[in-house]
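**Q** I have a structure I would like to understand better, so I am pasting it below and will then ask my questions one at a time.
The values are calculated or read from the model by the stated rules, or taken from the named source; none is laboratory data. None of these values were measured; they are calculated from a predicted model. Neighbour counts run over all protein chains shown; Cβ positions are idealised from the backbone, glycine included.
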Amino acid sequence: MPATTTSPRSETRAGRVPAAERASGAVGAEEAAERARRAARAGAAAPAGVGDFAALLSEDPEIAGILLAECARQADGLQLIAAENFTSPAVLAALGSPLTNKYAEGYPGARHHGGCEIVDLAERIAVERAKALFRAEHANVQAHSGSSAVLAAYAALLRPGDTVLAMSLPHGGHLTHGSPANFSGRWFDFVGYGVDEETGLLDHDAIRALAREHRPKAIVCGSISYPRHIDYAAFRDIADETGAYLIADVAHPMGLIAGGAAPSPVPYADVVCATTHKVLRGPRGGLILCGARLAERIDRAVFPFTQAGAQMNSVAAKAVAFGEAATPAFGAYAHQVTANARALAAALAGQGLTITTGGTDTHLISADTAPLGVDARTARGRLAAAGIVLDTCALPCAEAARNPAARSTGIRLGTAAVTTQGMGEAEMARIAELIAAALREDPAARSGAVALARRFPPYPGHG
Ligand SMILES: Cc1ncc(COP(=O)(O)O)c(C=O)c1O
C-alpha cells in the first residue's frame with residue numbers, strides 16, 4: 001500500500017483559494033476586455049516574446065486582454081512561488097514560433113514524419129547542450145513536463161506493482177512520488193520516507209533501514225519543499241547496498257545545479273529527472289539525463305511508450321535555455337538566488353516565522369506562520385491580497401506531526417523569479433518586512449509590494 005495519504009498540493013485546488021486571494025487576484029473578463037480595448041486604441045507595445053501582438057489583439061481581443069492582464073499581474077506583485085521564474089525573451093520567442101507547427105514523432109534522424117530535417121537540428125543542439133551543461137552521457141529533451149519525465153523514468157526501470165522508496169508527500173514528496181491520486185501511487189507500491197520531525201533534515205539511517213526492510217526496485221530522491229542540498233552519494237550508497245535503482249527528481253534545483261550553486265546528482269543517480277522551467281528559467285517542460293547504458297530504455301520510455309509527437313517549439317526553447325544556463329552570467333544568477341534565499345530566510349526568522357531546518361541551501365524556503373498567530377492558508381490569502389504570491393506546503397515539524405488537524409501546513413517560497421528581476425539581499429530584507437506587514441493585514445503592505453516590484457520589471461522595455 002502507498003505510505004502517503006494526503007497531498008500537500010490539495011490546498012491549491014481552485015475551489016479552495018481563500019476569499020482575500022480571489023478578491024485581489026481575480027481579473028474579470030470585463031477588465032481583461034477593457035485592457036484589450038485600451039491596448040488597441042493606444043497601439044500598446046507587445047509583451048516580451050510575443051511576436052505578433054497586433055494580430056492577436058485584432059483577431060482575439062478576449063485572449064489579448066487576458067495576456068495583458070497576466071503580464072501586468074506578474075509585473076505588479078512579488079512572485080515568490082518557488083517553482084516559478086521569468087524566462088528570457090529569447091526563450092519566449094522560440095516558444096511562440098512556427099516550430100510549433102511541426103510534427104516530429106521519434107528522434108533526430110529517425111522520425112515518423114517527413115520534413116523534420118530542420119527541427120532535428122534543434123533537438124540535436126538541445127541534447128548536446130544539456131549533456132555538456134550537466135556532464136551527462138545521455139539527455140532526452142522531449143518530456144513534456146516534470147511529471148512526464150518521472151513517468152518515463154518509472155516506465156524505463158519498473159514494472160507495475162514494483163516497490164519504490166520515495167519521500168512521503170506530507171514530508172515534501174511530489175505527486176509522482178506515490179500519491180494515490182496519481183499514476184505513481186496507483187501503479188507502484190510506494191513506501192514513504194520522511195525527514196526527522198525535530199530537525200526537518202533527511203535521516204539517512206532511517207532511509208537505509210526502510211530500504212533494507214522493503215528492498216525497493218528504485219529509490220527516488222528529490223522533493224517539492226526540502227530546502228537543503230541532497231546528499232546524492234548517501235542515496236547511492238543505500239541504493240547499492242539494497243540493489244535498487246536511484247532516480248533523482250531534481251525538478252526544483254536543476255537550475256542551481258546548472259549554475260554550480262548546488263551539487264549534481266549526475267555522477268550518482270541512474271536516472272535524473274528535471275523540469276526546465278523552475279530555477280533553470282527555460283520553457284515549461286521536462287528533461288531526463290542518464291548514462292549510456294540506460295539511454296535507449298529512457299528514449300523508448302518517452303517515445304513511443306508515454307508520449308508521441310515532441311513539441312519542437314519547446315525543444316528549441318529548451319536549447320535556448322541550456323545555452324543561457326551555460327554562461328557565467330547564469331552561474332552568478334544561480335549563486336545570487338541562493339544568497340537571496342539565505343538572506344530572506346534569516347529576515348523572515350527575524351520577523352518571527354519559524355524556518356524549516358533553520359535556513360536553506362537552495363532557492364526554496366518553507367516556513368511556519370503560526371508563531372505570528374496566522375495559519376498558512378490565511379497567510380497565503382493575506383499575502384496574495386498584498387500582491388505577494390506564494391504557496392502553502394506540508395510542514396514536517398514535530399508539532400504538526402503530533403496534531404495534524406490543528407496545523408500541518410506552512411508557506412513555501414522561493415527566490416528564483418525575484419532574483420531574475422535583479423533583486424539582491426537588501427530587497428530580501430524588504431520582502432520579509434512586507435510579508436510580516438501583510439500577515440498583520442497592514443494596508444501599507446500592498447503599496448510597498450507594488451512599489452518594490454515596479455522598481456524591478458521582469459521584462460524591462462516591454463509593455
Ligand atoms: C520534485 C518534482 N517533481 C516533479 C514535478 C512535476 O513537474 P510538472 O509540474 O512539470 O509536471 C515537480 C513540479 O513541481 C516537482 O517539484
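**Q** If you scan region 284-301, which residues turn out to be more than 11 Å from the ligand (Cβ to nearest atom) and either surrounded by fewer than 24 Cβ atoms within 10 Å (Cβ to Cβ) or over 21 Å from the mean Cα position of the chain (by Cα) (or both)?
**A** Those that are more than 11 Å from the ligand (Cβ to nearest atom) and either surrounded by fewer than 24 Cβ atoms within 10 Å (Cβ to Cβ) or over 21 Å from the mean Cα position of the chain (by Cα) (or both): 291, 292, 293, 294, 295, 296, 297, 298, 299, 300, 301.
**Q** Working only within region 325-335, note down all residues that are over 18 Å from the mean Cα position of the chain (by Cα) and part of a helix (DSSP H, G or I).
**A** If the condition is that a residue be over 18 Å from the mean Cα position of the chain (by Cα) and part of a helix (DSSP H, G or I), then 328, 329, 331, 332 are the ones that fit.
**Q** Out of the residues in region 225-243 that are away from the ligand (no atom under 14 Å from the Cβ) and in contact (Cβ under 8 Å) with a residue 60 or more places away in the chain, state the one that is surrounded by the fewest Cβ atoms within 10 Å (Cβ to Cβ).
**A** 229
**Q** For region 107-133, how many residues meet the condition of being within 16 Å of residue 322 (Cα to Cα), hydrophobic (A, V, I, L, M, F, W, C) and crowded, with 16+ Cβ neighbours inside 10 Å?
**A** Taking region 107-133 and keeping what is within 16 Å of residue 322 (Cα to Cα), we get 121-133.
With the extra rule that they be hydrophobic (A, V, I, L, M, F, W, C), the set shrinks to 121-122, 125-127, 130, 132-133.
Okay, now just the ones that are also crowded, with 16+ Cβ neighbours inside 10 Å, so 122, 125-127, 130, 133.
The number of residues fulfilling the criteria is 6.
**Q** Ok, one more. Of (1) surrounded by fewer than 19 Cβ atoms within 10 Å (Cβ to Cβ); (2) farther than 21 Å from residue 300 by Cβ; (3) touching a Gly at 6+ places or on another chain (Cβ under 8 Å), residue 101 satisfies all except one. Which?
**A** Here residue 101 meets the rest and fails (3).
**Q** Okay, moving on. Report, by residue number, each residue of region 244-259 that is more than 10 Å from the ligand (Cβ to nearest atom), part of a loop (DSSP other than H, G, I, E, B) and either touching a strand residue (DSSP E or B) at 6+ places or on another chain (Cβ under 8 Å) or under 20 Å from residue 157 (Cβ atoms) (or both).
**A** 244
**Q** Looking at 143, 136, 104, can you tell me which residue is under 20 Å from residue 324 (Cβ atoms), assigned to a loop (DSSP other than H, G, I, E, B), more than 16 Å from the ligand (Cβ to nearest atom) and at pLDDT 95 or above?
**A** None of the other options fit; the residue is 136.
**Q** Does residue 57 fit the bill of being at pLDDT 95 or above, in contact with a helix residue (DSSP H, G or I) (Cβ under 8 Å, 6 or more places away or on another chain), surrounded by 15 or more Cβ atoms within 10 Å (Cβ to Cβ) and of a type outside the set (Asp, Glu)?
**A** no
**Q** Quick check on my filter: what residues within region 152-211 are modelled with pLDDT of 95 or more, under 27 Å from residue 361 (Cβ atoms) and among the charged types (D, E, K, R)?
**A** Listed by number, the residues that qualify are 203, 205, 208.
**Q** Of all residues in region 152-184, how many are more than 9 Å from the ligand (Cβ to nearest atom) and either outside any strand (DSSP E or B) or over 17 Å from residue 248 (Cβ atoms) (or both)?
**A** Selection size over region 152-184: 23.
**Q** A follow-up question, please. Do any residues in region 274-286 that are free of Cβ contacts under 8 Å to residues at least 12 places away in the same chain and within 12 Å of residue 130 (Cα to Cα) have Cβ atoms under 9 Å from those of residues that are more than 11 Å from the ligand (Cβ to nearest atom) and not in a strand (DSSP E or B), where the two are at least six apart or on different chains, and which pairs are they?
**A** If the second residue must be more than 11 Å from the ligand (Cβ to nearest atom) and not in a strand (DSSP E or B), no pairs are left.
**Q** Right, here's the next one. What residue, of 304, 253, is over 23 Å from the mean Cα position of the chain (by Cα) and in contact (Cβ under 8 Å) with a residue 40 or more places away in the chain?
**A** Exactly one of 304, 253 is over 23 Å from the mean Cα position of the chain (by Cα) and in contact (Cβ under 8 Å) with a residue 40 or more places away in the chain, namely 304.
**Q** A further question on this structure: Kindly indicate whether residue 279 is assigned to a loop (DSSP other than H, G, I, E, B) and under 23 Å from residue 81 (Cβ atoms).
**A** Judged against the criteria, residue 279 is a match.
**Q** Looking at residue 145 and the list (1) surrounded by fewer than 21 Cβ atoms within 10 Å (Cβ to Cβ); (2) over 20 Å from residue 94 (Cβ atoms); (3) hydroxyl-bearing (Ser, Thr, Tyr), which single condition is not satisfied?
**A** (2)
**Q** Quick check on this structure: which one of 196, 189 is within 24 Å of residue 152 (Cα to Cα) and touching an Asp or Glu at 6+ places or on another chain (Cβ under 8 Å)?
**A** Going through 196, 189 in turn, just one is within 24 Å of residue 152 (Cα to Cα) and touching an Asp or Glu at 6+ places or on another chain (Cβ under 8 Å): 189.
**Q** Given the conditions (1) of a type outside the set (A, V, I, L, M, F, W, C); (2) more than 16 Å from the ligand (Cβ to nearest atom); (3) on the phi > 0 side of the Ramachandran plot, report the number of the one that residue 222 does not fulfil.
**A** (2)
**Q** I would also like to ask the following. If you go through region 260-277, how many residues are surrounded by fewer than 24 Cβ atoms within 10 Å (Cβ to Cβ) and either within 17 Å of residue 156 (Cα to Cα) or within 13 Å of the ligand (Cβ to nearest atom) (or both)?
**A** Matching residues across region 260-277 total 1.
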